[in-house]
Amino acid sequence: MTGVSRKTFDFMVDVVKADEKKKKKSGRRPKLIIEDQVLMVIQYWREYRTYYHIGLDWGLSESAVCRTVYKIENILISSRKFSLPGKKELLKMPSQEDLVVMDVTESPIERPKRGQKKFFSGKTGEHTLKTQLVIHQKNSQIICIGHGKGRIHDFRLFKTSGVRFGELLKVIADKGYQGIAKIHKLSETPIKKPKGKKLAKEQKEYNRELNRLSAK
C-alpha cells in the first residue's frame, strides 16, 4: 500500500525517533505518533495530493501537514541513510542481464495560480506533476528519478533528465519514449498501431511481452 517495505518503514521510524530524542521536548505533543507521521509523509510522496487533502485523512490542518512533511524529510535526508543509487549507476551496469524499465507517472495537483499551461497534461486532462522512474527489472529497485511539469512530453523529460545508459544495458520504456533507440540502441518500446490499421499478431505478442517484463 505504501510502496515501502516493512523493514524500510521500521528503519525510517527508528531514524526519526533517534533524532527526536536528541532534541529538548517543549510545547504540545504532536497529534500523531512518529509511526503515523512517517506513514503520512510516505502517503504524501506516493500520492502527491495537496496538504489540505492529506490533512483530511489524518485530522490535521494544512499547515500541520506541511510542518510534518518538512520535518520528516529533513530528518531522513540529514541522516544520509536513505538515497537512490543514482544516474551514474546506470553507466556501471555492464551486462544485458541487467534490464531496466523506464516509465513516467503523473500526480494530479491543484490548479496553479500561475503558469497553468505548463502543468496541464493532455494525457490526463488535469494539472499534474510528472515523475520519471528508472527501475531495475529483477528486484524492482528504483535507481533514479526525474521530475517535470505535466505538459512536458515523456521523451523530452528523458532528454532533459540527463539519464544515460551503459552501452550493453537493455532498456524497456513505454510508448511515450518512441525514438529513444536513436539515443540508446538497446532500447525497446511498444509498437504503435499505424493510423487506420491494426497491429499484426506478432506485433501484438511483442507488445504483450514488453508489458509482462515491465510489470514484473
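The values are calculated or read from the model by the stated rules, or taken from the named source; none is laboratory data. Predicted, not measured: the structure shown is a model, and the values here were computed from it. Neighbour counts run over all protein chains shown; Cβ positions are idealised from the backbone, glycine included.
For this structure, a couple of remarks:
- Conditions (1) surrounded by 13 or more Cβ atoms within 10 Å (Cβ to Cβ); (2) of a type in the set (Asp, Glu); (3) not in a strand (DSSP E or B); number of the one not met by residue 106: (3)
- Any hit, the range 123-131, residues being surrounded by 17 or more Cβ atoms within 10 Å (Cβ to Cβ) and part of a helix (DSSP H, G or I): no
- When we screen 77, 54 for residues that are of a type outside the set (Lys, Arg), out of contact with any His (no Cβ under 9 Å at 6 or more places or on another chain) and surrounded by 15 or more Cβ atoms within 10 Å (Cβ to Cβ), the only hit is 54.
- Subset of the range 161-207 that is within 27 Å of residue 143 (Cα to Cα), polar (S, T, N, Q) and over 20 Å from the mean Cα position of the chain (by Cα) - its residue that is surrounded by the fewest Cβ atoms within 10 Å (Cβ to Cβ): 178
- Any chance residue 152 is under 17 Å from the mean Cα position of the chain (by Cα) and assigned to a strand (DSSP E or B): no
- Hey, residue 82 touching a residue at least 12 places away in the same chain (Cβ under 8 Å), of a type in the set (Phe, Trp, Tyr) and over 19 Å from residue 176 (Cβ atoms) or not: yes
- Residues that are modelled with pLDDT of 90 or more, among the acidic types (Asp, Glu) and more than 24 Å from residue 23 (Cβ to Cβ), drawn from the range 36-95: 57, 89
- Of 85, 108, 30, all but one fail to be more than 25 Å from residue 135 (Cα to Cα) and not aromatic (Phe, Trp, Tyr); the exception is 30.
- Taking the range 166-189 as the range and being in a loop (DSSP other than H, G, I, E, B) and either modelled with pLDDT under 95 or within 21 Å of residue 89 (Cα to Cα) (or both) as the test, the residues that pass are 166, 167, 168, 169, 174, 178, 179, 183, 184, 185, 186.
- When 18, 64 are checked against the criterion of being farther than 29 Å from residue 104 by Cβ, crowded, with 16+ Cβ neighbours inside 10 Å and either assigned by TED's automatic domain parsing to the domain that holds residue 112 or without any contact (Cβ under 8 Å) to a residue 40 or more places away in the chain (or both), a single residue qualifies: 64.
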